[in-house]
1. How big is the A/B interface in buried accessible area, both sides summed, 1.4 Å probe, to the nearest 100 Å²?
2. Can you list the residues of the range B:85-103 whose accessible area drops by at least 20 Å² going from the chain on its own to the full set of protein chains, with a 1.4 Å probe?
3. Given +1 on the Cβ of Lys and Arg, -1 on the Cβ of Asp and Glu, and no further charges, what dipole in debye does the range B:30-93 carry about its Cα centre, rounded to the nearest 20?
4. Quick one: grab the alpha carbon gyration tensor of the range A:3-74, order the square roots of its eigenvalues as a ≥ b ≥ c, and give me rounded if a/c is under 1.5, else prolate or oblate depending on whether a/b is larger than b/c.
5. Can you compute 3J(HN,Hα) from phi for each residue in the range B:7-20, using the Karplus curve 6.51 cos²θ - 1.76 cosθ + 1.60 with θ = phi - 60°, rounded to whole Hz and x for Gly and Pro?
6. Ignoring ligands, DNA and RNA, what percent of the 1.4 Å accessible area of the range A:3-74 is carbon and sulfur?
7. Accessible area of B:LYS27, 1.4 Å probe, to the nearest 10 Å²?
8. Short version: which residues of the range B:28-45 lose at least 30 Å² of accessible area, all chains versus chain alone, 1.4 Å probe?
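The values are calculated or read from the model by the stated rules, or taken from the named source; none is laboratory data. Keep in mind it's a predicted model, so treat the numbers as computed, not measured. Using ideal geometry, Cβ is built from the backbone for each residue, glycine included, and neighbour counts are taken over all protein chains shown. Accessible surface is based on the protein model in full, side chains and every heavy atom, while ligands, DNA and RNA are left aside. Shrake-Rupley method; radii C 1.70, N 1.55, O 1.52, S 1.80 Å.
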2 protein chains.
Amino acid sequence: MKIGELARLSGLTPSRIRFYERIGLLKTVDRRPNGYRTYPQQAVMVLGLITTAQRAGFTLDEIRTLLPPDLDHWDHVTLMDALTRKIADIEALQARLAQSRVHLLRLVEDIQARPDDMDCAANAHRVLTNMLAEHPEALDVTSDDIRLLDTTDRRQSVSPGRRKKTAPC
Amino acid sequence: MKIGELARLSGLTPSRIRFYERIGLLKTVDRRPNGYRTYPQQAVMVLGLITTAQRAGFTLDEIRTLLPPDLDHWDHVTLMDALTRKIADIEALQARLAQSRVHLLRLVEDIQARPDDMDCAANAHRVLTNMLAEHPEALDVTSDDIRLLDTTDRRQSVSPGRRKKTAPC
DNA sequence: CTTGACCTTGAAGCTACCTTCAACGTTAGG
DNA sequence: CCTAACGTTGAAGGTAGCTTCAAGGTCAAG
């Protein structure tokens, strides 16, 4: 099988396959007399394995250390270890994502919770201060510092005239 | 406030702050006569906002288009839109991660489910074929093609002598 | 014999997000 | 006055994972 056919069968581009060979992810392959690479059927499986592992979150480096030269002889211990650690990684990432999601949802809610007597600017300020207060890890500062950051005054006197012009925000 | 102090307060490095200015994420800032950048208190909040947004999954490009020149005047519509889309992005990623996780868990199980009368190589083959059969999207091939890929024969005659030497796999 | 589709190589480019370096000017403290 | 810490700049480097390009060689069909 030439590289073009392998590319079609695996869904990868030829350049990508050559790239994988270059970085040592694929072992150097047999050549025909004319210099063309010639692949065994198994190569399709190897590439499928690589893309599957990639989608599961493995880097090419990780995959290289895990992929045995011979698909029939895996390093069982290393493999199971890597799989287990990757599952843990995914779970950690899931936790972070869940946090981000809640954070964003709360932010949207908070923005929409503008009191009627508050103008856009004051609301923006309220939301911002809330956010940085709730997530102090964004800054390496104490809550004291955050209070310091609050440069506006708290008097919320909104003149009736200005209230009329308040844009929907 | 000079850049060093801002860096301390925000938890960012000075180089990173200068970088943000260079790419237009931070507006160009006032300079003292000696050329030193001088920042207002607000800058800490802006940087906190940026890192928070980053952690929520926004790219610097996205943040740049969202950040108004003046923290008191946001483009409400664009912002809410971006927030909503980002939440959807996160949920999509969560779904993908959940899939990956289940996939990996099932893979671990499958590896461990080696029948007693099967040696490591055959088990590896079994697991691989299962995997590629269950996830044909890894390859742009039909299930017919996958069957074609199966180059070993199915006779599982394992000699007793070899069975003794079977490594724990 | 020509055309077009394939194959080869090495080098360079691309994205995102920074860091590091070199070479230099400024400032605060002792 | 000296020194250490800080500031400035532009350019280059680094990571991950490829793609693209240039400049060729090979092959099958018409």
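1. Interface area, both chains combined: 5100 Å², rounded to the nearest 100.
2. When all protein chains are present, B:ILE87, B:ILE90, B:GLU91, B:LEU93, B:GLN94, B:ARG96, B:LEU97, B:SER100, B:ARG101, B:HIS103 each give up 20 Å² or more of accessible surface.
3. In debye, rounded to 20, the range B:30-93 gives about 380.
4. Values: a/c = 1.76, a/b = 1.49, b/c = 1.18.
Prolate is the answer for the range A:3-74, as a/c is 1.5 or above and a/b outweighs b/c.
5. Running phi through 6.51 cos²θ - 1.76 cosθ + 1.60 with θ = phi - 60° gives 4, 4, 5, 8, x, 9, 8, x, 4, 5, 5, 4, 4, 4 Hz.
6. Numbers: 2050 of 3850 Å².
The C+S portion of the solvent-accessible surface of the range A:3-74 is 53 percent.
7. Near enough 150 Å² of accessible area.
8. B:GLN41, B:VAL44, B:MET45
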